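Only one structure is covered here, and it is reproduced in the block below.
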Amino acid sequence: MNRLPVLAGRATVLALLLLPLVASRAEDPPAPAPAPTVPAAPAAAPDQRATWERLQGLAGTWTGRMEDPLNGPPVTVRYVVASNGHALLEFQNPGQSFEMVTVYYLDRGELRATHYCAAGNQPAFRLGAASTTELAVLEFNGGTGFDPAADGHVHGGDIRFVAPDRIEHRWHHYVGPKQLGTTHWFLQRENGGAGVTVSEIGSPAAPADPEGPSGLPKP
């Protein structure tokens, strides 16, 4: 018996049975494309004027401790609004031999500051991008009276608004490009200290320890 016609017939039947399955597979919709990656929104720029106004609200006398909020060396900071409201003067340890002054101001809407250091140099700062409503980050922005590639200077810092009557300072001390350390100040507003004017600063007190309250070299 010739089996070839039988096998051919079975192959034809099998092909006819598989045809609907193949057709259905061909008609399946393609897999959906992956959703495009949405880039993260850029961080909002710090509000320069809001930070400036908050700094002006510090006007008055603040006292506290350095490094250790309970037992560290005592420190005093006095803020004075001057120049018809266009400058804020920050006196660190006013009247002492290691007194230093930082002047904050707006330059075409951008917050700037110049630190007049007891070491005789004047590093400049600008409000950094990492600033928030509770933290004013002061980034290094050049300066005068020193070589930032070789000399000691204050390279930046920040002011944290902890509570209406509590703030904290941090100041980063560099020699050239190398950071030597950071001083941390814990301050509380004195009662009745708001609204100080330049005429109320008073005469300097007797000189104190020329090395400063921490015993560290002056920045």
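Throughout, read-outs are computed from the coordinates displayed, never taken from laboratory work. None of these values were measured; they are calculated from a predicted model. Cβ coordinates were reconstructed from backbone atoms using ideal geometry, including for glycine residues, and neighbour counts include every protein chain displayed.
Some values worked out for this structure:
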{"quantity": "Average Cα contact separation per residue, region 48-200, under 8 Å, 6 or more apart, as relative contact order %", "calculated": "22 percent"}
{"quantity": "Shape parameters for region 48-200, alpha-carbon atoms, Rg then Dmax in Å", "calculated": "14.7, 43"}
{"quantity": "Simple spin-label estimate for A82 and A163 in nanometres, 7 Å along Cα-Cβ", "calculated": "3.1 nm"}
{"quantity": "Nonlocal amide H pairs with T76, under 5 Å, H built at 1.01 Å", "calculated": "N93"}
{"quantity": "Residue order, fewest to most beta carbons within 10 Å, for R54, R65, R189", "calculated": "R54, R65, R189"}
{"quantity": "Cut-off under 5 Å, modelled amide H: who pairs with L111 long-range", "calculated": "L127"}
